[in-house]
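Worksheet for the structure shown next.
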Amino acid sequence: MRFDPFEVSVPHISYALLGGFVVIFGMFSLWLKARLYISEAVWATLFGIIVGPYCAGIFNPREWAGDVDTEEGVEGSNAVTLEVMRVILAIGVFAIGVELPKAYLWRHVRSVLLILFPVMAWGWIVCAGLIYGLVPGLDFLSSLIIAACLTPTDPILASAVVGGKWADKHVPAHLRHLLAAESGVNDGLAFPFLYLALYLFLENGDAKTAVGEWIYWTILYEVTLGCVLGTVLGVGFRHLMQFCERKDLIDRTSYLAQYVSLALLAIGVTTLLGSDDLLCAFFAGTGFGWNGFFQKQTEDSMFSNAMDLLFNVAAFIYIGAWLPFSSYADIRLTLSVWRLVVLGILVLLVRRIPVCLAVYTWIPDIKTFREALFTGHFGPMGVGAIFISTLAAMQLPSKGALGEAPYSQEQLLSGSLQPIVSFIVLCSVLSHGLSVPAFSLSKRVHSLSIVVHTRSWSRQASRETHPEPEWATQARRVHRPEDIVINRDAVDLEKGVPPGPERHDARDGGEELGPMDRAEKPGPDGGVHVETGELYGR
């Protein structure tokens, strides 16, 4: 037997890429996340694009299930993508449910409901109108199916806003909790929007039959059963864990294992029953952490953060390599890059912001116009949109590959569904992932401009109230005899105070002043001195 030590396979490449990225990202994570405020989702997506089939060609998840040029290969690829996204989302929404404050949904039910249904319904209709207007090949019903995939807010991208150093410093706690709860719930609530459009599409416009099937299958069975089953699982296992804790039957390691195992149990049971697995996972997490018992037992552990990092990175590397760039300019689907760019910009601008500004006065947890604008902007689309679009693609009737024109509406919808959704997800990852560093930079620039304008205004005011030559504006003003000091640096040296801009001024009570402090140092008499920061004038 010939010795061949090199065994290259798809799983081994995946292990190496994922492990290598997490190691390198972890080495610089403090600088990347706490200084640049760019989350792992952006870096992982870019890394996935680089190693994907359109750049380096190392990692191509679309080929995991066979040849993508065949119908069987496409179906297998969709099945793999669906399950990868399902597990990532289930763990993410379960974590959000667990980490919400005690009984949050009960105490803030009005805010959560108002931020969910009006915002999701508005986004669904508006996005459908934009798709219908910019993609000539699709009718409005097909556009509604695609727009339903854009209704969920991604919990993984949202964690970059509601968590971390920047959010703790700049985003109020009530707003962080509201955005987290919304991102946890609306991934599962995208099912009703999708299936209403799908039933209308599959029933060929028979609205009575479609709405009837939607009510008793989607609303009464999938959504309601998912919520009830998740609540029962969460509350039941919380009481079981508290009982085991009182009887000393559970160890520390098993506490941490519940974090992932209960989320997997929830989606496993509900998928077997054909119910809404994401809603089940979220309500399981909410019921499990309802009274804060689990959070208290695991508050010193960083296990959830480590799991979030690993799964988030894996999801967005997969998405980056999965993006179908070749379909973005497919003229057979009436798609072009400029149409998708315009569509992506308009979706980001009108999908949430107008409706959030319109209804925020009725939402108790959104207190100001700026908070409403912030809430409207931060509705990122990511893993949830990919999951729902893949689910929709698998529900559509199989029509085979595009051949000679003319094409049926089923073929156009099947071919353009994932390209449109994936392009908007890419726009959302970049825009929302880079919004925090942009806000941080603009805040710094704004602070600097305030200082510059203050100095300019002070200089102009001094010229108007005290006409004098231009060179005299740089001189230090003296209004009292005791302000006159001969050879100040020599006097400071005699007192043991070093000269220069960082010296201790006796008139400032010995407080050390930096350059910014000296520019804004208050004083007793009225105007701000331009160079020294001392006040002058009567």
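The values are calculated or read from the model by the stated rules, or taken from the named source; none is laboratory data. Computed from a prediction, not measured in an experiment: that's the story for all the values here. Cβ sites come from the backbone with ideal geometry, for glycine too, and all protein chains shown count toward neighbours. Ligands, DNA and RNA are excluded from the accessible area calculation, which covers all protein heavy atoms including side chains. Shrake-Rupley method; radii C 1.70, N 1.55, O 1.52, S 1.80 Å.
Could you rank the peptides 314-326, 373-385, 116-128 by their average count of other C-beta atoms within 10 Å per residue, with the highest value first?
For the peptides 314-326, 373-385, 116-128, the packing ranking is 373-385, 314-326, 116-128.
Using 0.36 nm per residue of separation minus the Cα-Cα distance, give me the extension gain between Gln295 and Val10 in nm, one decimal.
98.8 nm
Taking 0.36 nm per residue of separation and subtracting the Cα-Cα distance, what length does fully extending Ala173 through Trp362 add?
Details: separation 189, 0.36 × 189 = 68.04 nm, distance 1.87 nm.
Contour length minus Cα-Cα distance gives 66.2 nm.
Mind ranking 424-436, 359-371 by how tightly packed they are, going by the mean number of other C-beta atoms within 10 angstrom, highest first? Show your work: numbers first, answer last.
Details: 424-436: 21.0, 359-371: 15.8.
In descending order of packing, they fall as 424-436, 359-371.
Carbon and sulfur atoms: what percent of the 1.4 Å accessible area of region 62-151 do they account for? Before the final figure, lay out each step's value.
Values: 2340 of 3560 Å².
About 66 percent, which is the carbon plus sulfur part of the accessible surface.
Can you give the charge dipole size of region 281-356 about its Cα centre, rounded to the nearest 20 debye, using +1 on the beta carbon of Lys and Arg and -1 on the beta carbon of Asp and Glu?
Once rounded to the nearest 20, the dipole reads 420 debye.
Within the set of other residues whose C-beta is less than 14 Å from the C-beta of Thr361, count the net charge using Lys and Arg as +1 and Asp and Glu as -1.
Numbers: positive: Arg110, Lys367, Arg370; negative: Asp365, Glu371.
Once positives and negatives cancel, what remains is +1.
If packing is taken as the average number of other Cβ atoms within 10 Å across a peptide's residues, how do 185-195, 274-284 rank, most packed first?
Values: 185-195: 25.1, 274-284: 29.2.
Packing order, densest peptide first, comes out as 274-284, 185-195.
Go through Arg332, Arg339, Arg351, Arg110 and list them by solvent-accessible area, largest first, probe radius 1.4 Å.
Numbers: Arg332 105, Arg339 65, Arg351 15, Arg110 135 Å².
From most accessible down to least: Arg110, Arg332, Arg339, Arg351.
For region 321-378, what % of the accessible area comes from carbon and sulfur atoms, probe 1.4 Å? Don't skip to the answer; put the middle values down first.
Working: 1940 of 2700 Å².
Carbon with sulfur: 72 percent of the solvent-accessible area.
Which log10 I(q)/I(0) values, to two decimals, does region 56-158 give at q = 0.10 Å⁻¹ under the Debye formula with one point per Cα?
-0.48
Taking the alpha-carbon set of region 117-156, what are its Rg and Dmax in Å?
10.4, 33
Could you provide, to the nearest whole Å², the per residue accessible area of region 49-104 with probe 1.4 Å?
Result: 43 Å² per residue.
Suppose a student asked you for the relative contact order of region 72-206, using Cα pairs under 8 Å spaced at least 6 residues apart; what percent would you report? Spell out each step's value before the answer.
Values: 108 pairs, mean separation 39.6, N = 135.
With pairs under 8 Å counted, the relative contact order is 29 percent.
At 25 °C and a viscosity of 0.890 mPa s, what translational diffusion coefficient does Stokes-Einstein give for region 203-315, taking Rh as the Kirkwood radius over Cα pairs? Give it in µm²/s as a whole number. Let's see the in-between values first.
On the way: Rh = 15.7 Å.
Answer, rounded: 156 µm²/s.
Please provide three numbers in whole Å: the alpha-carbon extents of region 10-93 along the principal axes, with the largest listed first.
Principal-axis extents of region 10-93 (Cα, largest first): 47, 32, 20 Å.
Could you compute Rg(Cα) / (2.2 N^0.38 Å) for region 85-223, with N its residue count?
Numbers: Rg = 16.9 Å, N = 139, 2.2 N^0.38 = 14.3 Å.
In units of the 2.2 N^0.38 Å rule of thumb, it is 1.18.
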